[in-house]
Amino acid sequence: MVKISIQEAKEKITAIFMEVGVNREEASIIADMLVEADQRGVHSHGILCTARYVKLIKEGKMIPNMSVKVVKDNGTVAVWDGNHSSGQILGYRSMEEAIKKAKEHGIGVVCVKGANHFGALAYYAQMAQKAGMIGTALGTGDSTMAPWGGCEKVIGNNPVSVAAPARNEVSPVLDMAMTVVANGKVSNMKRQGATEIPEGWGLDRDGLPTTSMKDYYTIPPMAGYKGWGMAVMVDILAGVLFGGGTGDRAKDFADGPSIMMIAMDISAFNDEEKYYNDIDARINELKSSKKAKNSNGILMPGEIEANKFAASQASGLVEVLPENLEMVNAIAREMAMEPIAVIE
């Protein structure tokens, strides 16, 4: 790992996206999301994605500035056609709209079809969390996973994120794919020259477990049939329900992935003071329960990432994989820009 300046990384990545036609505001939002993913230690969705998005824009598979058609809107629920705009901007704007709807109606749901790669879902769920709401984000993806009992990739890893605000305790943030690990982690290992993958991470073309990168074909569902079942239901909720892309239809060159953003205003469900007292008490109760032998402690969902982010913010530096930085710097050099400097 190498460390780079957060500010410089955001400025340079913003400039890169502006160079391919993205307006400054949207370029800045995308850069913020990518760098923050690395700050949280989610390197599969960090600055690595810069090269992918630039390529999609150049190939005409990603519209550089958001273009949305409102298909339905009944006040509480809206469905948008994203017209293959940036998935990260569509996610950002749709969660903004969900929060706005929740303030008025108690709950807001905005579904987007015709999107693009939307990055780490935690960012969107945390937008609602920071607004004092519970945020949920679900998304479909192209075929990266075989069904439980199958050996053909026919469904995405279909991630889900839920973020709930707390007052005095760590605010829980769940962000997980329905595969054992995110596909990007194996891709990162392959770029690093790994010939083996951890046991349980891979299946070959016959659907049998493998640790060989050469024989690797797909990632199995997390928790076996339970992960498969969850992936199917996310396909329905974040895709089929409103006509969004699923499986191969969610590929960049097809319909594209789809997303569902949900914001829930706590005051519509409970007295806010009681909620915050209760969630702090419950988190404290869980974290102070008896620990397993040799345990380093009980952590809330997202606590590791929150600690990494806080440390990164305090130092002004973010850790990134050298090969991911080089991919960004290669684009910068092609555009006659100064590359992002390694600080340490």
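The values are calculated or read from the model by the stated rules, or taken from the named source; none is laboratory data. Being a predicted model, the structure only gives us computed values, none of them experimental. Heads up, the Cβs are rebuilt from the backbone with ideal geometry, glycines too, and the neighbour counts pull from every protein chain shown. Ligands, DNA and RNA are stripped out before the accessible areas are found, and what is left, the full protein with its side chains, is counted by its heavy atoms. Shrake-Rupley method; radii C 1.70, N 1.55, O 1.52, S 1.80 Å.
Worth a mention:
Rundown of residues vs (1) β-branched (Val, Ile, Thr); (2) open to solvent by 50 Å² or more (accessible area, probe 1.4 Å), yes/no style:
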position	(1), (2)
Asp73	no, yes
Glu104	no, yes
Val110	yes, no
Ala115	no, no
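- Among the residues of the range 182-232, those identified as in a helix (DSSP H, G or I) and in contact with a strand residue (DSSP E or B) (Cβ under 6 Å, 6 or more places away or on another chain) are Gly227, Trp228, Ala231.
- The range 147-181 - residue that is in a loop (DSSP other than H, G, I, E, B), among the hydrophobic types (A, V, I, L, M, F, W, C) and farther than 17 Å from Pro257 by Cα and, of those, most open to solvent (accessible area, probe 1.4 Å): Trp148
Here's the yes/no breakdown for (1) out of contact with any Lys or Arg (no Cβ under 8 Å at 6 or more places or on another chain); (2) closer than 27 Å to Asp206 by Cα; (3) in contact (Cβ under 8 Å) with a residue 12 or more places away in the chain:
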position	(1), (2), (3)
Gly224	yes, yes, yes
Leu241	yes, no, yes
Lys251	yes, yes, yes
Asp271	yes, no, no
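- Residue in the range 248-256 that is open to solvent by less than 30 Å² (accessible area, probe 1.4 Å), in contact with a His (Cβ under 7 Å, 6 or more places away or on another chain) and within 30 Å of Cys151 (Cα to Cα) present: yes
- Number of positions in the range 226-247 that are farther than 13 Å from Ile155 by Cβ, open to solvent by 40 Å² or more (accessible area, probe 1.4 Å) and not charged (D, E, K, R): 3
- Hey, Asn83 polar (S, T, N, Q), in contact (Cβ under 8 Å) with a residue 12 or more places away in the chain and open to solvent by 50 Å² or more (accessible area, probe 1.4 Å) or not: yes
- Any chance Ser44 is of a type outside the set (Phe, Trp, Tyr), buried (at least 18 other Cβ atoms within 10 Å of the Cβ), closer than 21 Å to Val173 by Cα and touching a residue at least 60 places away in the same chain (Cβ under 8 Å): yes
- Residue count for the range 273-301 under the criterion of being under 21 Å from Gly135 (Cβ atoms) and assigned to a helix (DSSP H, G or I): the result is 11.
- Count of the range 1-28 residues, restricted to those that are surrounded by fewer than 21 Cβ atoms within 10 Å (Cβ to Cβ), closer than 16 Å to Arg93 by Cα and of a type outside the set (S, T, N, Q), is 2.
- Residue satisfying all of: in the range 124-133; in contact with a helix residue (DSSP H, G or I) (Cβ under 7 Å, 6 or more places away or on another chain) and buried (at least 23 other Cβ atoms within 10 Å of the Cβ); nearest to Ser267 (Cα to Cα) among these: Met133
- Against the conditions (1) open to solvent by 20 Å² or more (accessible area, probe 1.4 Å); (2) assigned to a loop (DSSP other than H, G, I, E, B); (3) modelled with pLDDT under 95, Asn270 satisfies every one except (3).
- Of the residues making up the range 302-344, those that are open to solvent by 60 Å² or more (accessible area, probe 1.4 Å), touching a residue at least 12 places away in the same chain (Cβ under 8 Å) and not in a helix (DSSP H, G or I) are Glu319, Glu338, Val342, Ile343, Glu344.
- Of all residues in the range 155-189, those that are modelled with pLDDT under 95 and either more than 27 Å from Phe309 (Cβ to Cβ) or touching a Cys at 6+ places or on another chain (Cβ under 6 Å) (or both) total 0.
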